[in-house]
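First up is the structure itself, then whatever we jot down about it.
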Amino acid sequence: MLLLLFLLLNLLAAVHGASVPQSIADLHGAKCLDGTSPTYDIVRNCNSDKWVLFFEGGSWCGDAASCARRVGWVYPKPADEDLIFPDTEFPPRWGKAGHFGTADLGGLMSQDPSINPDFYDWNKVFLHYCDGGSFSAGRDDPINVFTKGGAPVQMWLRGRQNFNALVAHLQTSLGLDDATEVILSGGSSGGLAVFY
């Protein structure tokens, strides 16, 4: 029992979430819908030069209104009688830029050799989905949207730039540049990102 607890604590210590440093995000023009840097979870095995990059899934947003709703904003500007005061807190209740929870590290991402005998000891990166377009959008200019209280904010559609910044950060700071094998995988709309 003590060994199981030790292994569980070790796994939890190895899995951590992080944001792409702002300097790298800026260099690549990376921004989540809300303008923040893209984020990821990583399980790092410094003894391995093999990597799994997993694109988080989630639904697409099909227009400015549905993308704005992902981060608790509205489009177009609400009529005065529809304004909500005080403004909704940011980030909204479901998390940053439409991210709905923590990484599911099961299956291909599992560290358990009985569940994942082929890849359990690989480095694993869970790329958080924060653009609403399968990491594929590349719009230069923001879209002007509004908080539920009517305050103007800018929304960004920069999924491809987010991916580029994530990979650049992994290469320059975490050892992806020394990889001998890399698997790109994903779920739902994240699976579609593998084809881009």
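FYI, it's all coordinate maths here, none of it is from the lab. Predicted model, so just to flag it, every value in this text is computed and none were measured. Cβ: placed from backbone, ideal geometry, glycine included. Neighbour counts: every protein chain shown.
By how many nm would the segment from Asp49 to Tyr196 lengthen if fully extended, with 0.36 nm per residue of separation less the alpha-carbon distance?
So the chain would gain 50.5 nm between Asp49 and Tyr196.
If R₀ is 35 angstrom, what is the calculated FRET efficiency for the pair Asp140 and Glu181, using the beta carbon separation as r and rounding to 0.05?
0.55
Which order, highest average first, do 162-169, 122-129 follow once you tally other Cβ atoms within 10 Å for each residue and take the mean per peptide?
122-129, 162-169
If each residue of separation counts as 0.36 nm, what is the full-extension length gain between Ser188 and Ser114 once their alpha-carbon separation is subtracted?
Separation in residues times 0.36 nm, less the Cα-Cα distance, equals 24.1 nm.
Could you give the alpha-carbon Rg of region 104-156 over 2.2 N^0.38 Å, rounded to two decimals?
This ratio for region 104-156 stands at 1.88.
Place a point 7 Å from Cα of Ser23 in the direction of its Cβ. Which residues in region 37-52 have their backbone N less than 18 Å from it?
Within reach of a label on Ser23: 37-38.
Convert each backbone phi in region 188-194 into a coupling constant with the Karplus relation 6.51 cos²θ - 1.76 cosθ + 1.60 (shift: θ = phi - 60°), then list the ³J(HN,Hα) values in order as whole Hz, x for Gly and Pro.
My calculation for region 188-194 gives 6, 5, x, x, 5, 4, 4 Hz in order.
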